[in-house]
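Each remark here refers to the structure printed beneath this line.
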Amino acid sequence: MGATLRALRALVLLLGFYLLSLVLLAALFGLDVVLFTWGHGPVAVKLAIISVLLAVPVVRGMFMLRTPRGEEGPGIPVTEAEEPRLWALVRDVAAASGTRVPDRILLTGDVNASVSEEPRLLGVRPGPRRLYLGVPLLTGLTEAQLRAVLAHEYGHFTGGDTRLSALVVRGRVQLARVIGQFHAKADGKVAAERARQEEAAAKRIARGKKAKQVDTAGSGATYRTMARIYTAYAKLYMRASLSTARGQEFAADLAAARIAGREATASALREIPVLSASHGFYLDSYATLGLNARLLPPRGEFFGGFGRLLTAREPELVKLRSELPEEPASPYDSHPPIAERVRRIEALPVDGRTEEAKGAALALLTDPERTLATLEDAVLTDEVLAFGRTAGWAELLDASMATGLSAAHTPLHRALADHTGQPPTLVALLQVIDEGGLWRLAERVPLSQEAAAAKGRVFREFARPVLARSLRTMVLAEFSARSLLHWEFSWSRPAAVRLPGWSAQTAQDDGPEAALDAAVDAALADHPDTAPLRALLPPAAQHA
């Protein structure tokens with residue numbers, strides 16, 4: 001489909017939104033006319049008021065919205081003087097694509113590259129261009145792969161996609177705004193009705209009467225009905241624009257293969273979902289590890305550690321690159337499945353361009369370490385930036401785990417507090433076990449319905465895994481509180497706890513960790529024995 005037909009489709013879809021709104025307004029007006037023609041009673045007045053209230057979100061959606069302007073978001077704007085090599089690559093790809101370079105480059109903290117243009121007159125006239133490049137993306141791509149990514153983004157420029165998107169985005173935003181207004185109105189009605197019924201219930205209870213159950217099922221029904229009408233059109237709108245959007249992605253891939261080469265384009269497509277998944281894992285398991293302790297890794301390492309993770313876990317990444325998604329992220333995702341895009345590129349004739357620019361894309365930056373540090377200031381909030389900094393990742397892990405263990409509140413903690421009426425300490429738990437109260441205590445631990453209904457040995461088998469996890473946590477917390485616990489940091493595997501007496505020679509099956517597992521099992525046996533567990537604890541903990 002040519003640019004003219006794509007523009008016409010986008011315009012028709014946008015006009016459809018206004019046509020739907022006019023039809024609904026006409027229907028509401030017609031209802032009012034009928035009501036006042038046939039009667040003037042309280043019911044007619046009430047329905048007329050409802051119709052006016054329903055019309056307000058429709059009118060607001062039609063006339064009180066502007067086409068959204070692009071917002072840069074957090075990142076580092078870089079000039080050609082600051083990053084000459086990066087800008088040189090950008091200019092080179094722009095020339096090969098037959099389009100002008102962006103007016104601005106912004107380095108971000110995402111695994112993403114995108115272009116934006118702020119066109120005028122609904123896309124008829126071009127406007128300022130921005131190129132967004134995620135530093136984590138540069139960390140994981142080679143220079144050749146980055147060239148393919150840039151060529152893909154420029155393919156959207158040469159196809160006119162960025163200008164046409166103004167029409168599509170306008171319709172999407174207006175539909176979302178109207179639907180959101182109707183849902184907000186409905187939620188307000190529900191909240192008001194719930195408050196009214198709860199107040200009435202409180203008054204009945206005060207008079208010694210039984211309160212009625214709160215029921216808000218019918219509240220806000222008219223608003224939700226209107227929202228469903230617009231939601232149905234929104235689904236049509238999204239599906240009608242999807243074929244165009246996905247066709248644009250395929251065309252941009254072909255442009256990338258022509259400019260950067262078949263191999264670089266296919267490998268970049270394979271790499272991006274892997275980098276996205278890896279970066280999410282990195283943020284959850286490493287970069288934000290110390291937030292609960294109000295600590296950050298060393299300066300520049302919040303983003304800089306991602307490269308170390310990729311290097312250490314390369315064997316795992318090889319497998320991920322061969323397991324590409326065969327389905328889009330959602331039915332309305334504007335991007336086709338990565339697997340299909342890769343197949344189309346790899347089906348192209350071999351062009352022999354397999355040895356080009358294999359160096360890391362991050363090396364294009366003048367001072368990568370300075371950029372990684374500056375990016376923290378641009379992306380992280382002021383509150384997080386005020387956190388303390390550790391000297392290294394191992395220190396960050398130890399401090400984070402110590403904070404987590406000190407605040408641990410397992411199901412066993414809660415059950416023990418209910419059982420004894422005292423603070424739930426490890427010493428108190430051992431005393432309950434020694435007094436034969438373990439399985440009575442276990443009855444207070446939240447379990448599945450099947451487990452709670454079981455009796456005797458079956459109940460103990462259900463409860464034992466829950467008790468074991470909680471008891472192990474309580475023991476580790478005791479060691480941690482006395483600074484006897486150490487955690488072994490690794491980029492390639494999960495952190496491992498090292499108990500007192502641990503060494504490389506005792507890291508096998510007969511080490512302290514195995515002794516702890518055996519002691520926990522003994523304390524939770526059918527005939528509990530806490531002696532092995534007490535023997536592992538420091539003297540101060542045994543008599544606390």
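The values are calculated or read from the model by the stated rules, or taken from the named source; none is laboratory data. Remember, it's a predicted structure, so these values are computed and weren't measured experimentally. No Cβ is skipped: glycine too gets one built from the backbone with ideal geometry, and neighbour counts run over all protein chains shown. When the accessible area is computed, the model is the full protein with side chains, heavy atoms only, and any ligands, DNA or RNA have been set aside. Shrake-Rupley method; radii C 1.70, N 1.55, O 1.52, S 1.80 Å.
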Exercise. Working only within the stretch 175-230, note down all residues that are of a type in the set (Gly, Ala, Ser) and under 27 Å from residue 27 (Cα atoms).
Key: 176, 180, 184, 186, 188, 217, 218, 219, 220, 221, 227
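Condition check ((1) in contact with a helix residue (DSSP H, G or I) (Cβ under 9 Å, 6 or more places away or on another chain); (2) among the charged types (D, E, K, R)) across all residues:
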site	(1), (2)
342	yes, no
348	yes, no
357	yes, no
376	yes, yes
385	yes, no
391	no, no
399	yes, no
402	yes, no
420	yes, no
Exercise. Please work out if residue 418 is without any contact (Cβ under 8 Å) to a residue 24 or more places away in the chain, open to solvent by 70 Å² or more (accessible area, probe 1.4 Å), charged (D, E, K, R) and in a helix (DSSP H, G or I).
Key: no
Self-check item: Residue among 245, 255 that alone is surrounded by fewer than 22 Cβ atoms within 10 Å (Cβ to Cβ) and either at pLDDT below 90 or more than 23 Å from residue 322 (Cβ to Cβ) (or both)
Solution: 245
Quiz item: Do we find that residue 325 is in contact with an Asp or Glu (Cβ under 9 Å, 6 or more places away or on another chain), assigned to a loop (DSSP other than H, G, I, E, B) and open to solvent by less than 80 Å² (accessible area, probe 1.4 Å) in this structure?
Solution: no
Self-check item: Any pair with Cβ under 9 angstrom, 6 or more apart, that starts in the stretch 517-544 at a residue that is under 12 Å from residue 472 (Cα atoms) and open to solvent by 60 Å² or more (accessible area, probe 1.4 Å) and ends at one that is in a loop (DSSP other than H, G, I, E, B) and at pLDDT 90 or above
Solution: none
Quiz item: If a residue has to be in contact with a strand residue (DSSP E or B) (Cβ under 7 Å, 6 or more places away or on another chain), part of a helix (DSSP H, G or I) and aliphatic (A, V, I, L, M) to count, how many in the stretch 356-383 make the cut?
Solution: 3
Exercise. Check 265, 288 and return the single one that is open to solvent by 20 Å² or more (accessible area, probe 1.4 Å), at pLDDT 90 or above and either closer than 30 Å to residue 92 by Cβ or not basic (Lys, Arg) (or both).
Key: 288
Quiz item: Quick one: what pairs do we get from the stretch 438-455, first residue open to solvent by less than 50 Å² (accessible area, probe 1.4 Å), second of a type in the set (Gly, Ala, Ser), C-beta under 7 Å, 6+ apart or different chains?
Solution: 441/415; 442/463; 445/415; 445/463; 447/463; 451/463
Exercise. Filter the stretch 116-158 down to residues that are part of a strand (DSSP E or B), among the hydroxyl-bearing types (Ser, Thr, Tyr) and at pLDDT 90 or above and give me whichever is farthest from residue 264 (Cα to Cα).
Key: 132
Practice problem: Would you point out which residue out of 357, 407 is out of contact with any Leu (no Cβ under 6 Å at 6 or more places or on another chain), small (Gly, Ala, Ser) and surrounded by fewer than 16 Cβ atoms within 10 Å (Cβ to Cβ)? | Solution: 407
Quiz prompt | Hey, residue 102 surrounded by 19 or more Cβ atoms within 10 Å (Cβ to Cβ) and either closer than 29 Å to residue 280 by Cβ or not acidic (Asp, Glu) (or both) or not | solution = yes
Self-check item: Every residue from the stretch 179-226 that is outside any helix (DSSP H, G or I) and among the β-branched types (Val, Ile, Thr)
Solution: 214, 216
Practice problem: Count, please, the residues in the stretch 291-320 that happen to be part of a helix (DSSP H, G or I) and open to solvent by 50 Å² or more (accessible area, probe 1.4 Å). | Solution: 10
Quiz item: Taking interchain pairs and intrachain pairs at least six residues apart, which have beta carbon atoms under 6 angstrom, with the first residue in the stretch 355-371 and hydroxyl-bearing (Ser, Thr, Tyr) and the second open to solvent by less than 40 Å² (accessible area, probe 1.4 Å) and at pLDDT 95 or above?
Solution: 366/83; 371/365
Quiz item: Among the numbered criteria (1) surrounded by 17 or more Cβ atoms within 10 Å (Cβ to Cβ); (2) under 30 Å from residue 397 (Cβ atoms); (3) not charged (D, E, K, R), which single criterion is violated by residue 342?
Solution: (2)
Quiz item: So which pairs qualify, if the first residue must be in the stretch 312-331 and at pLDDT 75 or above, the second must be exposed (fewer than 10 other Cβ atoms within 10 Å of the Cβ), the Cβ gap must be under 6 Å, and the two must be at least 6 apart or on different chains?
Solution: none
Quiz item: Quick check: anything in the stretch 203-215 at pLDDT below 80 and polar (S, T, N, Q)?
Solution: yes
